[in-house]
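Heads up: the structure comes next, in structure tokens.
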Amino acid sequence: MKTSEIPVKHATRRYNAFGQYMKDLYREPVYKVNVDAGFTCPNRDGSVATGGCIYCNNDSFRPTACTSSASLREQIEKGIPYLRSRYGAEKFVVYFQPYTNTYAPVEVLERLYRDALDNPGVVGIAVGTRPDCVDEEKIALLEALARDSFVLVEYGLQSVYDKTLEFINRGHDYARFKSAVALTAGRGIHIGAHIILGFPTETREQMLGTADELSRLPIEFLKIHQLQVVKDTALADLYAGKPFATFGYHEYIVMLADFLERLPPHIVLQRLFAAAPDEILIAPVWSKTRSELLHDLDAFMEQRGSYQGKSR
Ligand code: SF4
């Protein structure tokens with residue numbers, strides 16, 4: 001069973017890392033159990049659009065052993081013993097990861113989320129979704145669950161610029177994201193956002209401006225990664241027809257350091273890099289392991305005297 005360990009080893013990092021945040025909150029490491037609850041996506045099934053976001057190939061972010069063919073309970077019941085025996089883990093967050101994990105009637109969502117929380121050691125859930133796939137009823141459900149558990153809703157945003165959202169066929173604009181955040185805020189639910197840096201529609205300064213823009217919203221968690229062109233996507237076709245610049249390795253490390261300096265210190269970083277499997281990755285190819293990426297970022301920030309929030 002493939003699961004993801006939330007990084008916890010580097011308490012001295014120069015940014016506010018999720019693993020350390022959870023360790024402080026629960027006084028011990030908290031491990032993530034990724035599950036696929038069998039959702040689809042309104043940007044693929046025609047309800048918003050067909051074809052999906054132009055960069056989207058769910059295989060690039062879905063762990064191979066995390067498939068909807070196993071029931072939710074089975075996935076959790078396999079994932080937890082694995083983490084227990086490998087890491088001595090005792091506390092877990094169940095991460096509803098692929099596609100749009102609020103895209104079902106609220107009764108179905110309630111059963112799934114409660115099933116996840118109903119496991120010894122599970123302290124909370126993280127729910128990845130789209131900002132156009134929540135409403136008052138669904139947020140009220142998450143609010144009720146958040147009274148007793150850690151509940152994080154992670155909104156895919158990708159860009160704060162409408163021209164980019166249109167380019168990537170996101171199917172919603174930035175205003176929609178802001179209204180979802182407003183609906184969620186102040187109700188005990190943790191709010192996260194996903195963004196991608198490197199779209200050819202944005203200048204470097206615009207990418208950095210994303211940090212300033214997000215800092216004005218009640219967002220507590222952020223996932224960032226470099227744009228990756230992966231096989232079997234519309235972006236791959238575009239790239240083949242007219243290649244555009246993607247981040248070089250060192251260039252992205254510098255970009256991240258600059259971005260983190262402009263980000264308020266309270267925002268918790270859940271992810272800083274993407275790592276699509278080699279067999280589907282077209283560009284950029286860095287051939288670095290996750291620990292190399294994190295190490296090199298730490299080393300660069302230390303050398304530069306850089307830390308999250310420094311430029312605010
Ligand atoms: S919203 Fe998510 S799952 Fe749906 S097409 Fe876009 S990236 Fe893929």
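Could you look through segment 126-153, keep only residues that are within 11 Å of the ligand (Cβ to nearest atom) and charged (D, E, K, R), and pick out the one that is most open to solvent (accessible area, probe 1.4 Å)? Outline the logic, then answer.
The initial filter retains those residues of segment 126-153 that are within 11 Å of the ligand (Cβ to nearest atom), namely 128-133.
Now restrict to residues that are charged (D, E, K, R): 130, 132.
Values: Arg130: 8, Asp132: 31 Å².
The qualifying residue most open to solvent (accessible area, probe 1.4 Å) is Asp132.
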The lone exception for Leu214 - which of (1) more than 17 Å from the chain's Cα centre (by Cα); (2) open to solvent by less than 30 Å² (accessible area, probe 1.4 Å) it fails:
(1)
Starting from segment 95-111, take each residue that is more than 18 Å from Arg44 (Cα to Cα) and list its partners that are away from the ligand (no atom under 14 Å from the Cβ) and part of a loop (DSSP other than H, G, I, E, B), counting only C-beta distances under 6 angstrom and pairs at least six apart or across chains.
none
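May I ask you to verify whether Ile267 is β-branched (Val, Ile, Thr) and more than 16 Å from the ligand (Cβ to nearest atom)? Before the answer, list the steps.
Details: β-branched (Val, Ile, Thr): yes; more than 16 Å from the ligand (Cβ to nearest atom): yes.
Yes, satisfied.
Return a yes/no flag: does segment 74-82 have any residue that is within 16 Å of the ligand (Cβ to nearest atom) and modelled with pLDDT under 95.
Taking segment 74-82 as the starting set, the residues that turn out to be within 16 Å of the ligand (Cβ to nearest atom) are none.
Looking for residues that are within 16 Å of the ligand (Cβ to nearest atom) and modelled with pLDDT under 95, one finds none in segment 74-82, hence no.
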Tell me yes or no: at least one residue of segment 161-179 is within 16 Å of the chain's Cα centre (by Cα), touching a residue at least 60 places away in the same chain (Cβ under 8 Å) and within 30 Å of Lys23 (Cα to Cα).
no
Long-range neighbours under 6 Å by Cβ, at least six apart or interchain, first residue modelled with pLDDT of 95 or more and outside any strand (DSSP E or B) within segment 138-159, second open to solvent by less than 20 Å² (accessible area, probe 1.4 Å) and of a type in the set (Gly, Ala, Ser):
Ser149/Gly124
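Of all residues in segment 39-73, which are more than 16 Å from the ligand (Cβ to nearest atom) and either at pLDDT 95 or above or not in a loop (DSSP other than H, G, I, E, B) (or both)? Give the derivation first.
Narrowing segment 39-73 to residues more than 16 Å from the ligand (Cβ to nearest atom): 64-65, 69-73.
Passing the criteria: Leu72, Arg73.
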Restricting segment 290-310 to residues that are within 21 Å of His194 (Cα to Cα) and not in a helix (DSSP H, G or I), which is most open to solvent (accessible area, probe 1.4 Å)?
Tyr307
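The values are calculated or read from the model by the stated rules, or taken from the named source; none is laboratory data. These figures come from a predicted structure and were not determined experimentally. Virtual Cβ from ideal backbone geometry, glycine too; neighbours counted across all protein chains shown. Heads up: the accessible areas ignore ligands, DNA and RNA and are worked out on the full protein's heavy atoms, side chains in. Shrake-Rupley method; radii C 1.70, N 1.55, O 1.52, S 1.80 Å.
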